[in-house]
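Participant: Below is the structure I would like to discuss, written out as structure tokens.
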Amino acid sequence: MTDQTVRSPQTVTRTPRTRAEGEEAYLEVSDLHVQFPTADGKVHAVQGLSYSLPLRRTLAIVGESGSGKSVSSMAILGLHDRKSTWISGSIKVGGKEVVGMSEKSLMSYRGADAAMIFQDPQSSLHPFFTIGDQIMESYRAHHNVSKRAAKARAVDMLGRVGIPNPSRRVDQYPHEFSGGMRQRAMIAMALVNDPKLLIADEPTTALDVTVQAQILDLISDLQRDFGSAVVFITHDLGVVAEIADDILVMYGGNAVEHGPVEKILGTPLHPYTWGLLESIPAVSGTPGPLHPIPGSPPSLLAMPTGCAFHPRCEFKDRVGGDLCRTLKPELISRTADQGRTSRCHLKEPDKVFETEVLPRLP
Amino acid sequence: MLFYILRRVLSAISVVIVTVVASFMLFFVAPTDPAGVICGPKCTPDRLADISRSLNLDQPAVEQIGLYFKGIVAGRDYSAGGVTRHCAAPCLGYSYILGVPVTDLLVKAVPVTLSIVFGGATIYLLFGVLIGTISARVRGTTLDKVSVGTSLVIGSIPYFIVALVIALYATFLPKSQYTSFFENPVQWASGMLAAWLCLGLTNSASYTRYSRASMIEALGQDFTRTARSKGISERRVVYRHGLRAAMTPVITIFGVDVAYQLVNTIFTERIFQLPGLGTRIINAFNQYDLPVLMGGVIVGATVLVVMNLVVDILYTVLDPRVRLG
Amino acid sequence: MTAATNTKSSGVKQVEGAPLLELEDVKMHFRTKGDGLLARGTKWVQAVDGVSLTVQPGETVGLVGESGCGKSTTARLITRLLEPTAGKIKYQGVDIAHMSERQLRPYRREIQLIFQDPYSSLNPRHTVGTIVGTALRTHGMVPKNGELSRVQELLEVVGLNPEHYNRYPHEFSGGQRQRIGIARALAARPKIIVADEPVSALDVSIQAQVMNLLENLRKELGIAFVFIAHDLGVVRHFCDRVAVMYLGRMVEEGPRDALYNEPQHPYTQALLSAVPDIAVVRGVPPKQRIRLVGDVPSPVDPPSGCRFRTRCWKAQDICATQDPALERKPVGETVVACHFAEPPVESIVAEVV
């Protein structure tokens, strides 16, 4: 052993997020419905979703497969095939109405006002074009510049997302990048036109945990620099806790709970959110038993009547008059706190959480 | 890359050599009687022995093969009845029936076959990919159904029937004949037109189906969604991003397919009376003209091996993920 | 065989007092083709390079690490789907590392594997009854007339409707399909199950259901598990002991609580600190995250000495020249392969209030 001093690791501590209140919404979704006609019947994937998001804020949309979280976000970019999708309601981005927008307007809107990063950077980048080509294409779609200028911009963006040696990497193909580097390149491509809205669809799910941490840091840093609004779709509540300001929990095509992260994850008011928290084994604290939600998520072809969650809900007997089975609850504030909403008939959900659910959280 | 190509060329050459040796054994060393064939029905034993000697048929098999290869590489001399003829390299021997060098026969026949196949292939590749791509874009519509249905119908008609129908009914087409491209390109093209149409029509059906399936797959990929999200035109999404990915498997099929077409043009050549390789080989087959058959085998094997090599190299150009080695 | 070796009627040999499973310096090197003229530039991918591990009967050992660390290859070695390049794989004291397929047969019954992907690991053309029944028949577990009732019993054990034995895999949801895979593994009455990412393809609520099922099976049937997962929370929940792998090597191994609360290897510390923790919303101050620089090096040409040194903030000259042994240090309960191992100065994982 040497007597050299052992260096300490390079560390990052994510600063608690500060909130600017009362800002005007940049993204405004109201009463959004998305339906797909299929051979087996009509799939009602999103059933009247409403939320709004100002600049510099991050909204996490959480849910399991089939909850409608990805479908609703694809609709923001107008990525659904017009012929096979039926969309109603309104999506306003920076004042522009996206629902029913012409193909031509969509072209100038996509990538410039709103951009998207996807779950699997491996399959989301074209394998036969270089990283530089793909970023340049995005840039030149919205800027009338020479190839040389676009390439300089691509190199610049790669540098900004933390890719070492960007002037060499720009000419490489996606398969020559590691998973984390590919996702960085995806982010560079999405941000090349300086969009005010970034939609990140499970951007770290396919990545290793140390790489995930790097990408989350990067997205936070870039959001601060670019001042954009971020919609972050994920199923990982730990990620939500670290990155988001607000959270929207979706179940069976509906928002079931919506509000600031520390409130929703600190004292959730919906039995589904409770079930999620009880299903996740923690990395700290005393390990306790898990209390999974029984049953499986509903089929979008045969949605339960009333509250979509009632077949799996252990609290439905507490609500009188068979209400859960017959009447779909509204998404409204259920407690004195007006800043949050939930979709559940249960009386005094905050007390139920404190006394019955909190003690058994893992 | 260079190492790779060199290695592939070496292995290609060895494949051809093995084919030559194998067919040589089959044709000459097996209990066949080439001398008897040349000698004809009114053969005397003396004459038979003379022919055998001039063809070196009295030598051991190894020596015969050695001489054959020497002929290919350096040329060789044949002496029969006191006359010695030099056969220049690459020498594949003399036709028993026609008495002319096999090399000369093949040199005349190969361009005909190449013209037929590459002309036809260009037509079916272009049409097939174009119709397939359009079909994939409008998937599920009437247009798509019509194009899929038509290609199914055409694809299920036997090739020779299509060829016969064209030969018999499409009389408005220029008369089918071969003129060298270098003599008169216009005449070359017009003489080939019927054959091209026939090949093109029948094969474009299957290329429509390949391209359509491949394109539908490409358009369903995540990178296509990424491309759309950038705000580029749908045309660019389809023809730059989709087509590029969709064409790689089609090109692979195409390369191998063309090689087989070259070896199997016999119907086309017969029906349109073009003096190509297929015709040459069938004639040789009927007449027991072993040297010509051998020549045909060598050309065929070489074509197959070369096309495979071309496809492999092309593949690495098309798909940067494929690393040579 | 030595006097202490018994052969049971099943054909499985056993050395008295030996652990259930023991890996001794197991290596698995895969060959890749080089670029040389005559394919002579062959390179070796050192997927697993010297892994030692002991599993006692009924014990649950977790293997964690990031993609490419060799944990899945280790799973395939234990189940002998791969033959190791070097080292010993001892099952009840008998080395099965190089056994022939014929010799392995009785061992295959006792060592079962559960796969990650419940979609591709079941034959879509076979009914659930056939899938589970084939496992019963292969290992001669029940007489012909008892097969159906045993299949139904197994379906019930894993929480499926026993009347659904004649359905096909596509008629089940992802979580149910994973249950079918578990029923198939249980059919052979194994002593050890190697589970390779058994819950990572499932939704959160379903994941917890399957984990509880596995936990019950472990308690009731006393089956030992080698549990491979990238989710550190899942591993912590399920395992008695945990081993951390990096680039084909084991860097730290020990009792669950010791490893999670007082990790000594810098990589373990970095890994644990990177896990996003939901506790921050409950008022816990955000933890310090150790940021690792660069990517994992290629297993074709791994760094000399300690494999983690290229990304390690503690690395000194000795790390490049001397390969640290996996050993117990004066402090701490884990065994660790690091020249500068020490428990973290402050807790890297946020305390729950």
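Participant: Does at least one position in segment C:326-336 carry a residue that is under 28 Å from C:Met28 (Cβ atoms), of a type in the set (Lys, Arg) and at the interface with chain A (Cβ under 7 Å from one of its Cβ atoms)?
Facilitator: No - not one qualifying residue is present in segment C:326-336.
Participant: Just checking, how many residues over segment A:315-330 are under 18 Å from A:Tyr251 (Cα atoms) and surrounded by 14 or more Cβ atoms within 10 Å (Cβ to Cβ)?
Facilitator: 7
Participant: For segment B:171-201, give me the residue count where each residue is within 15 Å of B:Phe267 (Cα to Cα) and hydroxyl-bearing (Ser, Thr, Tyr).
Facilitator: Of the residues in segment B:171-201, 1 are within 15 Å of B:Phe267 (Cα to Cα) and hydroxyl-bearing (Ser, Thr, Tyr).
Participant: Let me ask you something else. What are the residue pairs meeting all of these: first residue in segment A:180-204, first residue without any contact (Cβ under 8 Å) to a residue 40 or more places away in the chain, second residue part of a helix (DSSP H, G or I), Cβ atoms under 6 Å, and 6 or more apart or on different chains?
Facilitator: Filtered contacts from segment A:180-204: A:Gly180/A:Val211; A:Thr204/A:Gln212; A:Thr204/A:Ile215.
Participant: Another question, then. Does segment C:246-258 include one or more residues that are β-branched (Val, Ile, Thr) and either farther than 22 Å from C:Glu197 by Cβ or within 13 Å of another protein chain (Cβ to nearest Cβ) (or both)?
Facilitator: Looking through segment C:246-258, none of the residues is β-branched (Val, Ile, Thr) and either farther than 22 Å from C:Glu197 by Cβ or within 13 Å of another protein chain (Cβ to nearest Cβ) (or both).
Participant: Here's something else I'd like to know. Take the residues of segment C:287-328 that are polar (S, T, N, Q) and assigned to a loop (DSSP other than H, G, I, E, B): which is surrounded by the most Cβ atoms within 10 Å (Cβ to Cβ)?
Facilitator: Here the residue is C:Gln316.
Participant: Could I ask something else about it? Among B:Arg76, B:Arg53, which is within 23 Å of B:Ala284 (Cα to Cα), within 32 Å of the chain's Cα centre (by Cα) and among the basic types (Lys, Arg)?
Facilitator: The match here is B:Arg76.
Participant: If you don't mind, there's one more thing I want to ask. Taking segment A:276-296 on its own, how many of its residues are within 7 Å of chain C (Cβ to nearest Cβ) and closer than 27 Å to A:His310 by Cβ?
Facilitator: Looking only at that region, the number is 8.
Participant: I'd like to know if segment A:260-272 contains one or more residues that are in contact (Cβ under 8 Å) with a residue 24 or more places away in the chain, among the polar types (S, T, N, Q) and either buried (at least 22 other Cβ atoms within 10 Å of the Cβ) or facing chain C (nearest Cβ under 8 Å) (or both).
Facilitator: no
Participant: Another question about this same structure. Can you go through A:Val240, A:Val249 and tell me which one is buried (at least 24 other Cβ atoms within 10 Å of the Cβ), outside any loop (DSSP other than H, G, I, E, B) and more than 10 Å from chain C (Cβ to nearest Cβ)?
Facilitator: A:Val249
Participant: Inside segment B:218-300, counting only helices (runs of 4 or more DSSP H) that do not spill past its ends, which hold 2 or more residues that are modelled with pLDDT under 85?
Facilitator: B:243-263, B:266-271, B:277-287
Participant: In segment B:143-191, what count of residues is obtained for those that are surrounded by 12 or more Cβ atoms within 10 Å (Cβ to Cβ) and more than 23 Å from the chain's Cα centre (by Cα)?
Facilitator: 13
Participant: If I filter segment C:32-54 for residues that are modelled with pLDDT under 90 and within 14 Å of chain A (Cβ to nearest Cβ), do I get at least one hit?
Facilitator: no
Participant: For segment A:65-77, enumerate the residues that are part of a loop (DSSP other than H, G, I, E, B) and more than 20 Å from A:Glu97 (Cβ to Cβ).
Facilitator: Hits for segment A:65-77 are A:Ser65, A:Gly66, A:Ser67, A:Gly68.
Participant: Residues that are among the aromatic types (Phe, Trp, Tyr), in contact (Cβ under 8 Å) with a residue 24 or more places away in the chain, in a loop (DSSP other than H, G, I, E, B) and crowded, with 19+ Cβ neighbours inside 10 Å: does segment C:158-174 have at least one?
Facilitator: Yes, segment C:158-174 has at least one match.
Participant: Go through the residues of segment A:114-124 one by one and say whether even a single one is more than 18 Å from the chain's Cα centre (by Cα) and over 22 Å from A:Pro37 (Cα atoms).
Facilitator: yes
Participant: Follow-up question, since we're still on this one. Pull up segment B:191-235, narrow it to residues that are within 14 Å of chain A (Cβ to nearest Cβ) and touching a residue at least 24 places away in the same chain (Cβ under 8 Å), then point me to the one that is farthest from B:Val112 (Cα to Cα).
Facilitator: Checking each candidate, the answer is B:Gln221.
Participant: Being under 29 Å from C:Asp240 (Cβ atoms), buried (at least 17 other Cβ atoms within 10 Å of the Cβ) and within 14 Å of chain A (Cβ to nearest Cβ), is that true of even one residue in segment C:106-125?
Facilitator: yes
Participant: Same structure, new question: Is there a residue in segment A:191-214 that is within 23 Å of the chain's Cα centre (by Cα), within 14 Å of chain C (Cβ to nearest Cβ) and among the acidic types (Asp, Glu)?
Facilitator: Yes, because at least one residue in segment A:191-214 is within 23 Å of the chain's Cα centre (by Cα), within 14 Å of chain C (Cβ to nearest Cβ) and among the acidic types (Asp, Glu).
Participant: Considering only segment C:139-150, I want to know if a residue exists there that is surrounded by 19 or more Cβ atoms within 10 Å (Cβ to Cβ) and either in a helix (DSSP H, G or I) or within 14 Å of chain A (Cβ to nearest Cβ) (or both).
Facilitator: No: segment C:139-150 contains no residue that is surrounded by 19 or more Cβ atoms within 10 Å (Cβ to Cβ) and either in a helix (DSSP H, G or I) or within 14 Å of chain A (Cβ to nearest Cβ) (or both).
Participant: A follow-up question, please. If the requirement is being within 26 Å of C:Val300 (Cα to Cα) and in contact with a helix residue (DSSP H, G or I) (Cβ under 8 Å, 6 or more places away or on another chain), which of these qualifies: C:Gly62, C:Gly68, C:Gly50, C:Gly58?
Facilitator: C:Gly62
Participant: Mind listing whichever residues of segment A:331-361 are aliphatic (A, V, I, L, M), assigned to a loop (DSSP other than H, G, I, E, B) and surrounded by 13 or more Cβ atoms within 10 Å (Cβ to Cβ)?
Facilitator: If the condition is that a residue be aliphatic (A, V, I, L, M), assigned to a loop (DSSP other than H, G, I, E, B) and surrounded by 13 or more Cβ atoms within 10 Å (Cβ to Cβ), then A:Leu331, A:Leu346, A:Leu361 are the ones that fit.
Participant: In segment A:278-312, which residues are closer than 23 Å to C:Arg241 by Cα, of a type in the set (Ser, Thr, Tyr) and in a loop (DSSP other than H, G, I, E, B)?
Facilitator: Selection gives A:Ser284, A:Thr286.
Participant: Same structure again: Pairs, please: C-beta under 6 Å, at least 6 apart or cross-chain, first residue in contact (Cβ under 8 Å) with a residue 40 or more places away in the chain and in segment C:244-268, second of a type in the set (Lys, Arg) and part of a helix (DSSP H, G or I)?
Facilitator: C:Met245/C:Lys71; C:Tyr260/C:Arg236
Participant: Okay, moving on. I'd like to verify a number: residues in segment C:269-286 that are part of a loop (DSSP other than H, G, I, E, B) and either at the interface with chain A (Cβ under 7 Å from one of its Cβ atoms) or at pLDDT 90 or above (or both), how many?
Facilitator: Adding up the residues that qualify gives 4.
Participant: Are there any pairs with C-beta distances below 6 angstrom linking a residue in segment B:83-96 that is within 15 Å of B:Ile298 (Cα to Cα) and among the hydrophobic types (A, V, I, L, M, F, W, C) to a residue that is in a loop (DSSP other than H, G, I, E, B) and modelled with pLDDT of 80 or more, with the two at least 6 apart or on different chains, and if so which?
Facilitator: Pairs that qualify, where the first residue is within 15 Å of B:Ile298 (Cα to Cα) and among the hydrophobic types (A, V, I, L, M, F, W, C) and the partner is in a loop (DSSP other than H, G, I, E, B) and modelled with pLDDT of 80 or more, are B:Ala89/B:Gly75; B:Cys91/B:Gly75.
The values are calculated or read from the model by the stated rules, or taken from the named source; none is laboratory data. Note that the structure is predicted; figures quoted are calculated from it, not measured. Every residue, glycine among them, receives a Cβ derived from its backbone with ideal geometry; neighbour counts consider all protein chains shown.
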